[in-house]
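Colleague: First the structure, which I've put down as C-alpha cells, then a few questions once you've had a look.
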Amino acid sequence: MATLGVNIDHIANVRQARRTIEPDPVQFAFLAELGGADSITVHLREDRRHIQDRDVFILKETIKTKLNLEMAATEEMLEISKKLLPDYVTLVPEKREEVTTEGGLDVKNNEKYLKNFVKSLKYSNIQVSAFIDPESEQINYSKEIGFDFIELHTGKYADLNGEDQYKELQKIIESSYVANDIGLVVNAGHGLNYQNVQKIASINNMNELNIGHSIVARALAVGLEKSVREMKSLITLNSISK
Ligand code: PXP
C-alpha cells in the first residue's frame, strides 16, 4: 500500500503573503500527522518564497513521522541538509520564474555532478530521491548515479484527460516496473488530487505519494486533519479493493 507524504509549502505561502508568523507550517504538520500523513514534505527554495530555514529545523525536532526535504542540487542546500539531517532529500529542478516545479530533474545530463552530490548526502546517512519524468533513460541514470528512490512526475498525467491521460498512466506504470526491477524505490507526485489519485495509488509497487496543493485547498473547507484523512482513505481503500 502506498503511503502519503503531505507537502505543506502552501501553508507557508499564506504566511509569507504577509511576512508574518501565521499560519505556522509547524503547527499544520502536526494536524497532517493527526490525519494520517506518513511523512511531511517541504521544499526549501533558493528564493525562500514559502518555507523558511527556521521551519525545516523546527520540523525536524517536532514531527513524529519522516521529513522529506525537497531542494535543488546546490552547494547552499547541501550544507543545510547536512546540518538538518532530514530522513530523505528529494532533488528537484528549480527555476526562479516558475510557479511550481515544472518537469523532472535531468539526471542524464548532470550525471557527474549529481553523482558527487548524492554521494555527499549519503555519506551523512540521508537517503536521496530524484524527481524525474517517467522515462526509462532517466530511471537508468538515477540508478547509476546512486539514488535510493525516484519520484515519478505525475504532473502531465494530472493535466491530461481521456485517452491521453490513459497513455500517460501506462507510461507511469511501466516506469515504476522498470525502476523496481533495478532496485529503485518508487514514489510519485505532482498534481494529484481527490479525483485522480486512485489510479496512481493502485500501481502495485508504489511506495509513497507526495501531495500538497489539493490537500491544502480542501483544508480551507474541512480543516487539514480531515483533508489528509480523506486523501489517506482514498489511497488505502484503493489498495484493499485491488
Ligand atoms: N512532488 C514534488 C517533487 C513537488 O515539487 C511537488 C510540488 O511542490 C509535489 C510533489 C506536490 O505537488 P502538488 O502540490 O501538485 O500536490
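The values are calculated or read from the model by the stated rules, or taken from the named source; none is laboratory data. Source: prediction; values computed, not measured. Ideal geometry is used to build each Cβ from the backbone, glycine not excepted, and the neighbour counts take in all protein chains shown. Just so you know, the surface numbers come from the protein's heavy atoms only, side chains and all, with ligands and any DNA or RNA stripped out. Shrake-Rupley method; radii C 1.70, N 1.55, O 1.52, S 1.80 Å.
Colleague: Under 19 Å between alpha carbons, and skipping anything fewer than 8 positions from K83 in its own chain: which aspartates and glutamates qualify?
Modeller: Hits, sequence-local ones excluded: E46, D53, D55, E61, E70, E75.
Colleague: How would you classify the chain from its alpha-carbon gyration tensor, with a ≥ b ≥ c the square roots of the eigenvalues: rounded for a/c under 1.5, else prolate if a/b is greater than b/c, otherwise oblate? Show your work: numbers first, answer last.
Modeller: Working: a/c = 1.56, a/b = 1.05, b/c = 1.48.
Note, shape of the chain comes out oblate.
Colleague: Separate question: So, counting K/R as plus one and D/E as minus one, what does the shell of residues with Cβ under 13 Å around S81 add up to? Write out the running numbers ahead of the final one.
Modeller: On the way: positive: K60, K82, K83, K122; negative: D53, E70, E75, E76, E79, D87.
So the environment of S81 carries a net charge of -2.
Colleague: Send over a whole-number figure in Å² for the accessible area per residue of the chain, probe 1.4 Å. Write out the running numbers ahead of the final one.
Modeller: Values: 11450 Å² over 242 residues.
Value returned for the chain: 47 Å² of accessible area per residue.
Colleague: Determine one quarter of the surface area of the Cα convex hull of the stretch 1-88, which equals its mean projected area, and express it in nm² to one decimal.
Modeller: 5.7 nm²
Colleague: Continuing with this model, one more query. Gap in Å between the Cα centre of the stretch 189-242 and the Cα centre of the stretch 43-98?
Modeller: Computed from Cα coordinates, the inter-centre distance equals 23 Å.
Colleague: Could I ask something else about it? Determine the share of the chain's accessible area contributed by carbon and sulfur atoms, expressed in whole percent, with a 1.4 angstrom probe.
Modeller: Numbers: 5800 of 11450 Å².
Carbon plus sulfur share of accessible area: 51 percent.
Colleague: Tell me the relative contact order for the stretch 126-242 as a rounded percent, counting alpha carbon contacts under 8 Å between residues six or more apart. All intermediate terms of the calculation are to be shown ahead of the outcome.
Modeller: Values: 163 pairs, mean separation 25.3, N = 117.
The normalised contact order for the stretch 126-242 reaches 22 percent.
Colleague: Take D53, project a point 7 Å from its Cα along the Cβ direction, then tell me which residues of the stretch 1-39 have their backbone nitrogen under 15 Å from it.
Modeller: none
Colleague: Note down the net charge around N140, summing +1 for each Lys or Arg and -1 for each Asp or Glu among other residues with Cβ under 12 Å from its Cβ.
Modeller: Net of charged neighbours comes to -3.
Colleague: Which of the helices in the chain, when you take each full DSSP H run, stretch at least 20 Å along the axis at their Cα atoms and have an average Kyte-Doolittle score of -1.0 or higher?
Modeller: On the way: long enough: 162-181 (29 Å, -1.08); 224-240 (24 Å, 0.04).
Taking the DSSP H segments of the chain (at least 20 Å long, mean hydropathy at least -1.0), we get 224-240.
Colleague: Who wins for biggest fluctuation among V42, V178, V56 in a Gaussian network model of the chain, springs between alpha carbons below 10 Å?
Modeller: With Cα springs under 10 Å in the chain, the top fluctuation among V42, V178, V56 is at V178.
Colleague: Just need the relative contact order of the chain here, percent rounded to a whole number, with Cα pairs under 8 Å and 6+ apart. Could you put the intermediate results ahead of the total?
Modeller: On the way: 461 pairs, mean separation 52.7, N = 242.
For the chain, the relative contact order is 22 percent.
Colleague: Amide H of F131: which non-local residues (sequence gap of 5 or more, or other chain) have their own amide H closer than 5 Å, using H built in the peptide plane?
Modeller: Amide H neighbours of F131, under 5 Å, 5+ apart: L91, L105, E151.
Colleague: Once label points are set 7 Å from the Cα along Cα→Cβ at both S233 and D181, what is their separation, rounded to one decimal in nm?
Modeller: Here the modelled spin labels are 3.9 nm apart.
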